[in-house]
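Shown next, in structure tokens, is the structure this report addresses.
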Amino acid sequence: EGRGAWAGVWGGEGDLEGGLRGLGAIAPAARASNGLAHVARIEGLRAKALTALGRFAEAESALANATSACLLQGRTNLTWILTAHRAELELARGNRDAGAAATADAHELLRQASLGIPDQAMRDRFVASGSRLIPAVAESPVQAFATPTLLTAREREVASLVAPGLSNPARAGA
């Protein structure tokens with residue numbers, strides 16, 4: 001599921017911790033070459049992985065680093081995806097209102113980034129594909145914690161049993 005989806009990103013290692021090690025290995029080279037756009041992307045990916053691992057303070061720091069790198073280089077075209085990562089972080093923390101605000105901001109920043117694409121059909125495809133990377137805000141806090149990128153299938157199942165207040169014996173029978 002969410003963690004297994006990272007396997008292709010991390011050369012088949014298949015786990016978020018391995019991915020973080022991989023990003024840690026390439027980050028110094030990006031910084032040394034003054035590749036701020038690469039630093040922003042690397043830190044954005046770190047934030048996404050750290051959020052999935054529940055390491056929210058570290059994810060917050062990675063997002064701050066990514067945003068700083070974008071601003072230093074004037075790469076505002078990357079801010080929409082970083083704002084989408086911020087939305088994921090806020091939703092994972094249980095901050096539904098902040099997550100909804102970041103989601104709305106990410107959609108607006110994506111729209112603004114698309115304005116530089118002269119062809120309308122290409123612009124529409126860019127916005128459509130980018131929109132799929134922006135998290136949807138769940139209708140309830142229970143749904144927010146059931147997001148497949150954050151929990152395993154079993155964790156979602158347990159959350160769906162705990163949320164309505166079922167007792168341990170009732171959950172065991174489910």
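The values are calculated or read from the model by the stated rules, or taken from the named source; none is laboratory data. As the structure is a computational prediction, the values presented were derived from the model and not from experiment. Methodologically, a virtual Cβ is constructed for each residue, glycine included, from the backbone with ideal geometry; neighbour enumeration extends over all protein chains shown. Each accessible area value is taken on the protein alone, full model and side chains, heavy atoms only, with ligands, DNA and RNA left out. Shrake-Rupley method; radii C 1.70, N 1.55, O 1.52, S 1.80 Å.
Residue-wise test of (1) at pLDDT 70 or above; (2) not charged (D, E, K, R).
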position	(1), (2)
68	yes, yes
79	yes, yes
84	yes, yes
94	yes, yes
102	yes, yes
110	yes, yes
124	yes, no
146	no, yes
166	no, yes
Checklist entry - Where residues in segment 102-112 are without any contact (Cβ under 8 Å) to a residue 24 or more places away in the chain and under 15 Å from the mean Cα position of the chain (by Cα), which of them is most open to solvent (accessible area, probe 1.4 Å)? => result 105
Checklist entry - Taking segment 41-74, which residues are closer than 19 Å to residue 131 by Cα and among the charged types (D, E, K, R)? => result 41, 48
